[in-house]
Every structure is written in C-alpha cells, then in structure tokens.
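**Q** This is the structure, below, for whatever I ask next.
The values are calculated or read from the model by the stated rules, or taken from the named source; none is laboratory data. These figures come from a predicted structure and were not determined experimentally. Positions of Cβ are backbone-derived with ideal geometry, glycine not excepted, and every protein chain shown enters the neighbour counts. Just the protein is used for accessible areas: all its heavy atoms, side chains included, with ligands, DNA and RNA removed. Shrake-Rupley method; radii C 1.70, N 1.55, O 1.52, S 1.80 Å.
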Amino acid sequence: MNFNDQNLASRYALIVHNCAATRTIPAQVRSRSPSSSAQRQLDEADLFMDLIKDVANELDIDVLCHKILVNVCLLTSADRGSLFLAKGTPPNRYLQAKLFDVTRDTDLYDALSIARTQEIRIPFGVGVAGLAAQTKHPINIKNAYADPRFNSEIDARTGYKTELILCMPICNCEGDVVGVAQIINKTDGSKEFSARDVEVFRRYLTFCGIGIQNAQLFESSVLEYKRNQILLALARSIFEEQSNLECLVTKIMTEARELLKCERCAVFILDTDHCESSHLERIVQRPGGRPSGTPALPPPAPTRFHTLFELAAKHSRTTLTPRHDIKSTLACIALAVARSNKALNISDVDEWRKENNMVISDPTTDDAVNVRTMLCMPIVNANKDVIGVAQLINKENGSQFTDGDISIFEAFAIFCGLGIHNTQMYENACKLMAKQKVALECLSYHATASAEDTKKLCDDVIPSAEIYNLYSYKFHDFDLSDEDTCRATLRMFLQCNLVEKFHIPYEVLCRWILSVKKNYRPVKYHNWRHALNVAQTMFAMLKTGKMERFMSDLEILGLLVACLCHDLDHRGTNNAFQTKTESPLAILYSTSTMEHHHFDQCVMILNSESNNIFQALSPCDYKDVMRVVETAILSTDLAMYFKKKSKFLELVENGEFDWQSQEKKELLCGMMMTACDVSAIAKPWEVQHKVAKLVADEFFDQGDLEKLQLNQQPIAMMDREKKDELPQMQVGFIDMICLPLYKVLSDTFPWIQPLYTGTMENRQRWQDLAEKVEMGLTWIDHDTIDKPIEEFTASNEAIKDVELTVTTLNCTRPVSDSSNMALVKPIKTSFHSLRRGKTSNLSSRPTRSKLTRSLYAAPSSREERERTVREEKPATEVASQTNKASKHKGRSSQSSTDKRDRVKPSKSTD
C-alpha cells in the first residue's frame with residue numbers, strides 16, 4: 001500500500017535530514033535522488049526497510065536509541081517520543097529513561113544531556129510505561145488526562161499538554177523485555193493513534209529490540225575489554241610498586257575513578273596492630289606465664305584506621321584520620337563497611353546519616369557536605385581479613401552507582417587488597433631483615449671469643465703433635481682439658497704449615513678457634529669435642545694415611561675448617577626432628593637442614609670481626625676454599641653419603657687412581673668427611689663404648705622430646721625403653737655404613753687400614769654384647785658388661801639352686817656387700833649352648849625380671865631361698881639342662897681382663 005506523494009516526499013526529506021544529523025545515511029537512501037519519479041516509486045516497504053537498515057548496524061546504544069525515536073516519530077507522525085531501557089533483576093526490575101521527550105528535530109547530544117540530568121526510574125507495573133513492560137502489551141490512550149494511569153506531573157513542569165499516548169514494549173529474540181518506547185500526540189491532526197500506527201510501531205520495534213540487544217552486548221564487551229586492560233595494568237602496578245604503599249594506592253584509585261566516572265576516591269587502611277597498646281600488652285605479658293584475668297593495660301580500641309588516601313579530580317593527599325572521629329561521615333561509613341565486610345551502595349548520604357542517627361553539629365567541618373552518592377567496598381587480603389575500605393564518591397552524571405559499577409569495583413578492591421597486602425608484607429620483610437641484621441650483630445659480638453681468652457691462647461706454648469697423639473687413629477680427648485683441645489687444634493694447623501702458606505694472622509686463628517668452640521652447644525655428643533675428634537681423624541688421614549698427596553694445600557685448609565665447623569650450633573636433634581616440629585630451620589632448608597645451618601654458622605663466624613682466617617686469600621682462592629668447606633659440611637649428611645656412595649664405589653672398582661678432577665675430588669672429600677664423622681666406631685673399645693653411651697644418651701633425649709612435644713613413639717634407637725637393643729643396632733650401623741666405607745677406602749688407600757681393622761674389632765665386641773643382651777644383660781647400665789656377673793664370686797658358699805638362674809641375669813641395681821647376700825660361683829659355660837633353642841623362656845623379659853629379683857633379694861634364711869627357687873621353678877627347669885656344664889670353681893683373684901675373657905661367648909658347639 002502506497003503513501004500519497006506529498007506525505008511520502010515530506011517523510012523522505014525528514015529521514016534524510018535525520019540520517020545526516022546522526023552521521024549515518026542508509027545506503028539505499030543516499031543512492032537515490034529525491035526526484036519526483038523516485039518519490040513516486042518509493043513505497044512503504046522500501047521506506048520501512050531503509051529505516052531498519054539504518055539501525056541494524058548501529059552498535060552505539062546512544063545513537064541507536066536516538067535513531068529509533070526519530071524514525072518512529074516519522075513513521076507514525078508522532079510529535080515526540082521517549083525510550084526506556086529495562087534494568088535490574090526480577091522481581092526488582094525497573095525502567096530507566098535513556099532518552100526523554102525527543103522530537104524529530106532534537107539533536108543527539110542535547111537529548112543525552114537532558115536524560116542524564118533528569119534521571120527517571122519507573123518500576124515494572126507502575127504508570128503507563130511500567131504496565132506496558134510488565135504485561136508486554138501495547139497501551140494506546142486517546143485521552144491522557146482521563147486515564148488514571150497517566151501522571152501529569154511532567155506536563156505541569158514543562159508546560160506541555162499530553163493528549164495521545166502509544167506505549168509499546170521492546171522485546172529481544174528470547175521474548176524478554178529490554179525496554180519500552182513511548183510516543184505522544186500526532187502531528188497530522190489525528191485524534192488518535194490508528195491501528196495502522198500501532199502495527200507499524202510494533203513491527204519496527206521488533207527489529208529495534210534485536211538492535212538494542214546487540215548494542216548492549218557490544219557495549220558490555222567494550223566495557224569488559226577496558227576492564228581487563230585496566231586490571232592487567234593494575235596487576236603490573238602491584239608488582240612494580242611494592243615498596244611504596246601511597247604510590248600503589250594512588251595508581252589504583254586513579255584507574256578506578258577514570259573507569260567508573262566518579263568525582264572522588266578514598267582508601268582507608270585499617271589499623272591491624274591496634275597501635276601501641278597491644279604491643280605494650282605483649283611486652284608486659286610474662287614469658288611462659290598464663291595471661292592474667294585482669295589486663296595490665298586497657299583493652300585495644302575497636303576497629304579503626306590509621307591512614308587515609310584521598311584522590312579528587314585535581315589533587316590527591318594522604319592524611320592520618322583520628323582514631324575515634326565520630327564527626328567524620330566518610331570514616332563512619334568506612335567503619336560500618338569494615339565491621340560488616342559487605343559492600344554498601346548509598347544513593348543518599350544524608351538519608352544514611354538519618355537512618356544511623358548520626359548528627360552533624362557543624363556542617364562546615366563535615367567531610368561529606370557535597371557527597372550525594374557513594375559506593376563503599378571492603379578491601380581484604382589473601383586470608384580474607386579486612387585490611388581497608390575503598391570509597392567511590394559521586395558519579396559524574398549524578399546518578400547512583402549501578403550493579404555494573406559494583407562488579408567492576410569489586411575487582412578493583414581485590415587488586416587493591418593484593419597490592420596493599422604485598423606492600424605491607426614487603427615492609428614487614430624489610431623490618432625483619434633489619435631485625436635480623438641487628439640480631440646477627442649481637443650474635444656476632446657474643447659468639448666471638450673474648451680478647452683475654454684470645455691473648456692467653458696466643459701466648460701459650462703449643463705442644464707437639466706427638467704429645468697429643470695427633471698422628472694416631474686411636475686418639476681420644478678424654479684426658480684433654482678445654483684449653484688443650486684448642487692447643488691441639490692449633491697444632492694441626494701449624495703442623496700442616498697452613499698458617500705460613502696462607503698468611504693467616506696467628507691471633508685471628510686463635511680467636512677463630514675459640515669462637516668455633518664457643519658456638520658449639522653443650523649437648524652430650526655433637527659438641528666441640530666431637531668436632532675436635534673429627535678434625536684429628538682428618539689430620540691423621542692426611543698425614544698418617546698419606547691422603548695429603550691427593551689434596552692441594554687449599555683443600556687441606558678447607559677440609560680441616562669443615563671438620564671443625566661441621567656440627568656448629570647442633571641442638572642434639574636430627575634433621576627428621578626439625579621437620580616434624582616444623583622448626584624455623586626446617587622452613588629455611590628443606591634438605592640437609594642441620595648441615596646447611598652448620599655451614600651458615602661457619603660463614604657467620606668467618607664474617608665476624610677479626611675472625612676471618614681466609615682474609616689473605618685472593619678472591620679466586622677464597623671462592624674455592626668456601627666451596628670445599630660447603631661441600632664437605634653438606635657431605636656429613638648421611639643422606640648425601642648414600643647418594644654418592646654408589647658412584648664412588650664405581651670409580652674404585654674401575655681402578656680409578658687420578659682423583660684430581662673437581663667432581664672426583666668432591667666425591668673423595670665427601671667419603672673422607674663421612675669416614676671422619678663416624679670414626680669413633682674405629683677407636684679402641686674403651687673409647688668406643690664410652691662414646692656410644694654419649695650418642696645413645698643424646699638420642700634418648702630426642703626420643704623423650706618426641707614423646708612429650710609430638711606425642712609420637714620414637715624409633716628404636718631413640719627410645720629409652722629399648723636401650724637394650726642398641727648393641728644390635730650398633731652392629732647394623734657398622735654393617736650398613738662404616739664397614740663398606742672403610743673397606744673401600746682401605747683397599748684403595750692402604751694407609752687407612754687401621755680404621756677398617758678397629759671397626760671390625762668393635763663390631764665383634766658389639767656382637768658379643770648383643771648376644772649377652774639376649775641373655776638378659778643390660779649393656780648401658782654399667783661401664784663394663786661383666787661387672788654384674790663377677791660380683792657374685794666373692795663367697796665360697798655353694799648355692800646349688802642359684803646356679804640355675806644366673807645364666808639370665810639382668811642387673812637392675814648395685815649389689816650390696818651384706819653378709820647374708822646369696823652369692824654365685826662364676827660360670828664358664830658357653831653362651832651359645834643357651835641360645836640354641838634351649839633357653840627360649842629365659843630370653844623373655846618377665847622371666848628375667850623374676851630371676852634378677854630372686855638373686856638380689858638376699859633371702860634371710862635357707863627356707864626362704866628354697867621357697868624362692870620353687871617359685872622360679874619354670875625357669876630353673878629350663879636352665880637345669882646346663883647344670884653339669886656350669887659347675888666350676890671360681891677364680892676371684894684373676895684380673896678384670898681375664899674376667900671379660902671368661903664371660904665372652906666361646907666358639908664351642910653344643
């Protein structure tokens with residue numbers, strides 16, 4: 001159906017004018033000349049399609065809405081129109097005026113400015129536009145003032161009289177309402193919007209709904225892109241600005257203000273330490289004591305801020321806020337958000353003050369005089385703890401902050417929280433480093449030997465290496481005083497000619513030795529004397545064992561230093577204990593925990609004033625000797641030994657004789673360090689037995705700590721309840737670690753043979769003790785294992801029945817010299833005969849206890865002794881099988897050596 005020519009020509013001219021005004025002219029319209037022939041050929045369908053194409057490719061939501069209203073007015077001869085976009089989520093959806101009262105002559109920018117200054121919100125179901133949005137049906141009103149749904153308030157304000165209204169919902173392709181278009185009054189003199197106007201309006205808005213949805217999606221994608229770019233920039237800022245909190249927060253606030261178009265930003269930083277009061281409270285708290293019911297100081301104040309960052313359009317500043325400033329509106333709002341940990345979107349600050357009973361006595365001093373709207377967001381750290389509050393103040397267009405603004409600001413708050421948290425952690429790390437430096441200075445002072453001790457050692461005469469027996473593998477420190485241990489250490493350096501070769505100042509060397517000694521803790525085994533023994537074994541291996549021919553002078557220096565420092569600051573607990581207790585050392589070093597700490601302590605002493613014995617070395621030599629020291633100390637970790645052992649064995653089996661390459665030299669030095677570290681196992685038996693007790697006592701102390709602190713059952717070698725199993729565990733330790741190492745070293749370097757021989761002899765001793773433990777003897781309770789048995793040989797009285805119980809003796813307390821004590825003759829029977837299946841009952845712990853009590857109870861009469869023997873009948877019956885072999889006369893006059901030989905298991909068979 002065609003329009004008449006005059007009407008069509010006028011509408012065509014308006015379309016061209018409208019398209020030119022919006023800088024977009026449909027292609028078909030531009031290609032045609034407004035000649036009379038063209039006007040006659042142009043029909044309604046062509047015009048309709050041109051108008052659809054005009055809006056189809058428009059992705060700017062502002063331009064699109066303006067085109068829709070102008071074109072609708074052209075199609076329906078309407079005087080003016082308004083377009084509302086749907087916002088919110090059900091059931092709180094509402095219409096917000098995008099453009100209001102737009103005529104076919106209204107400029108786009110004028111229309112936008114009017115809409116922004118007059119924010120109109122209409123809930124769904126309210127008014128003509130709200131009903132059209134709710135019902136999704138058009139509303140055609142012929143007499144506006146006669147219709148109760150019409151609100152004449154705008155007419156009264158503008159002086160315009162509304163007569164006709166056609167309101168139509170705009171739906172997307174899913175059928176959801178995305179907006180409402182409303183046109184008012186006819187310009188062609190008609191008294192109503194005809195059915196045809198309604199149909200044209202409906203058809204056109206169908207296509208416009210799709211265009212609006214596309215434009216909104218495009219707008220969202222552009223906004224998301226900008227948001228992502230800003231967040232990336234913020235992420236970079238977080239890592240670039242970690243040393244200055246003010247610069248970091250200012251960057252974040254600047255980006256937020258520009259993206260969200262607000263007038264001001266503010267960030268409050270929470271006072272998490274509660275200032276001086278809680279710090280003093282912690283100081284007043286007595287160490288180790290329980291907190292008293294009455295606090296020594298007033299309780300800390302509630303949530304408060306210590307710093308405020310403000311950013312306006314033209315300036316920024318950092319201020320300190322009063323801790324209890326009830327006059328500050330911004331601070332009160334921030335406190336409310338910090339306590340609730342929830343965002344707060346305030347559309348009217350004055351109304352918020354009334355609701356929260358906040359009275360402003362002097363409006364001129366209020367910091368929220370010109371604040372209309374505010375978006376306040378908590379800032380949390382990685383632990384979800386509130387560390388601050390961010391505020392956006394006053395949207396530039398005067399409207400309230402939207403849901404989109406809240407979503408974007410949440411991301412800003414997250415990045416702000418991360419940035420503030422990182423910066424605070426950086427500041428704390430700097431403070432901790434400063435504290436550590438102070439602590440190291442104090443430690444260096446107290447850990448360094450005194451001038452008096454240094455002078456005394458410098459003036460002492462240093463005996464020869466022969467006097468101290470330093471060349472021998474049988475060296476022990478039991479007869480040396482503390483002063484002699486330092487002199488012996490000096491003698492090793494002098495004997496290796498290290499002082500002269502490396503120009504070590506004699507006073508510095510004396511001070512360094514005393515400082516190293518001072519930094520060993522008084523634990524039972526891993527103390528200074530253990531370090532001295534390890535260093536002496538290294539000295540003996542180098543000199544007596546002739547290993548110095550494989551080492552340079554610098555490596556000999558490094559090895560001696562490593563031996564003396566290899567257990568510095570040992571706490572009497574091993575690496576596993578550090579890991580179990582999550583100690584600071586275990587946090588610092590995940591592998592070889594104590595060994596890394598020993599090396600660090602070595603470096604600390606060398607760096608202390610007047611303690612650097614390497615001060616005369618060149619930078620290259622200093623680097624080399626420190627590498628030797630570090631590698632050697634770390635090699636004392638048995639875990640490292642097991643890793644390197646197979647490679648060392650492979651080299652030896654291949655007939656390696658050149659150990660000068662760095663990798664091979666490190667392997668050799670590592671094996672030598674382990675050999676020296678466990679060399680007590682090769683000492684003479686009297687020394688080995690005493691040292692083993694010291695090791696066991698230290699292990700038992702750790703086991704006690706594991707039971708008390710960790711509530712865990714320690715391993716057998718550290719369990720005091722299983723001390724009788726230690727001889728057998730010593731045999732296992734020798735077989736697994738010591739013998740294989742000493743065997744390969746002695747085969748390769750024959751001058752180390754004494755270490756292997758001594759270890760083999762001690763293994764036999766431990767094996768004998770393990771066998772005697774099976775018989776009921778407790779090795780660790782006495783200096784010599786034979787003492788409990790030999791004390792029963794002082795009497796000539798023959799006690800026949802008692803002879804049956806002595807073979808499972810378990811001495812739990814010393815024997816008195818009472819005249820009525822039951823005494824037993826010495827027994828020469830082979831222990832092997834008792835172990836081969838005939839004394840299974842004797843090996844059980846309850847039976848041994850009974851037998852021991854029966855021997856030490858000292859019955860007062862012969863009848864009591866007989867009753868005791870009858871009570872122990874099950875054990876005596878088993879032991880009676882050895883009666884004939886055990887009846888021998890005592891030899892009490894023999895020496896203690898003969899006694900040990902007599903108790904030692906024989907090699908005879910049953």
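**Q** Counting heavy atoms of the protein chains only and a 1.4 Å probe, report the per residue accessible area for segment 664-725 as a whole number of Å².
**A** Value for segment 664-725: 40 Å² per residue.
**Q** Which value, in Å² and to the nearest 10, is the accessible area of residue 197 when all protein chains are kept and the probe is 1.4 Å?
**A** Accessible area, nearest 10 Å²: 20 Å².
**Q** What does the C-alpha gyration tensor say about the overall shape of segment 658-772? Classify as rounded when a/c is under 1.5, otherwise prolate if a/b is larger than b/c, or oblate.
**A** Oblate.
**Q** While we're on this one: Which residue, 733, 687, 700, has the largest displacement toward the positive end of the dipole of segment 678-737 when charges sit on each Cβ (Lys, Arg +1; Asp, Glu -1)?
**A** Positive-most Cα among the choices belongs to 687.
**Q** Considering only 605, 662, 588, whose Cα is most displaced toward the positive end of the charge dipole of segment 577-677, charges sitting on Cβ of Lys, Arg (+1) and Asp, Glu (-1)?
**A** My answer, from the dipole projection, is 588.
**Q** Separation between the residue 642 and residue 460 pseudo-spin-labels, each 7 Å from Cα along Cα→Cβ, expressed in nm?
**A** 4.0
**Q** Let me ask something else. Averaged per residue, what accessible area in Å² does segment 62-182 show with a 1.4 Å probe, protein chains only?
**A** 44
**Q** Still on this structure, please answer the following. Treat each spin label as a single point 7 Å out from the Cα along the C-beta direction, and report the residue 427 to residue 482 distance in nm.
**A** With each label point 7 Å from Cα toward Cβ, the separation is 4.6 nm.
**Q** Oh, and also: Tell me the Rg and the Dmax, in Å, that the Cα atoms of segment 443-591 produce.
**A** In order Rg, Dmax, the Cα atoms of segment 443-591 give 16.3, 47 Å.
**Q** Moving on. Quick one: accessible surface of residue 622, probe radius 1.4 Å, all protein chains present, in square angstrom to the nearest 10.
**A** Residue 622 has an accessible surface of roughly 70 Å² with all protein chains in place.
**Q** While we're here: Taking 2.2 N^0.38 Å as the expected size of a compact globular protein, what ratio does the Cα radius of gyration of segment 570-617 give against it, to two decimals?
**A** 1.40
**Q** Between residue 439 and residue 118, how many nm apart are label points set 7 Å from Cα along the C-beta direction?
**A** About 7.1 nm separates the two model spin labels.
**Q** State the percentage of accessible surface on segment 561-666 attributable to carbon and sulfur atoms; use a 1.4 Å probe and exclude ligands, DNA and RNA.
**A** 53
**Q** Place a +1 charge on the Cβ of each Lys and Arg in segment 584-728 and a -1 charge on the Cβ of each Asp and Glu, then give the dipole magnitude about the Cα centre in debye, rounded to the nearest 20.
**A** The calculated dipole for segment 584-728 is roughly 120 debye.
**Q** In segment 700-757, carbon and sulfur make up what percent of the accessible area (probe 1.4 Å)?
**A** Carbon-and-sulfur percentage of accessible area, whole number: 57.
**Q** Take the solvent-accessible surface of the protein heavy atoms, probe 1.4 Å, and return the percent of it on segment 141-280 that carbon and sulfur atoms account for.
**A** 52
**Q** Still on this structure: For a label point 7 Å from the Cα of residue 708 along Cα→C-beta, name the residues of segment 563-594 whose backbone N is under 12 Å from it.
**A** Label zone hits: none.
**Q** In addition: In square angstrom, what is the accessible area per residue of segment 415-539 with a 1.4 angstrom probe?
**A** Per-residue accessible area for segment 415-539 comes out at 50 Å².
**Q** Kindly rank 625-632, 449-456 from highest to lowest mean number of other beta carbons found within 10 Å of each residue.
**A** 625-632, 449-456
**Q** Rounding to the nearest 20 debye, state how big the charge dipole of segment 630-686 is about its Cα centre with +1 on each Lys and Arg Cβ and -1 on each Asp and Glu Cβ.
**A** The calculation lands at about 80 debye.
**Q** By its C-alpha gyration tensor, with a ≥ b ≥ c as the square roots of the eigenvalues, how is segment 565-682 shaped: rounded for a/c under 1.5, else prolate for a/b larger than b/c, else oblate?
**A** Taking the square roots of the gyration eigenvalues as a ≥ b ≥ c, segment 565-682 is oblate.
**Q** May I pose another question? Name the residue from 503, 457, 537 whose Cα lies farthest towards the positive end of the charge dipole of segment 450-542, charges +1 on Cβ of Lys and Arg and -1 on Cβ of Asp and Glu.
**A** The listed residue farthest towards the positive side: 537.
**Q** Go through 169-176, 489-496 and give me the packing order, highest mean Cβ count within 10 Å leading.
**A** 489-496, 169-176
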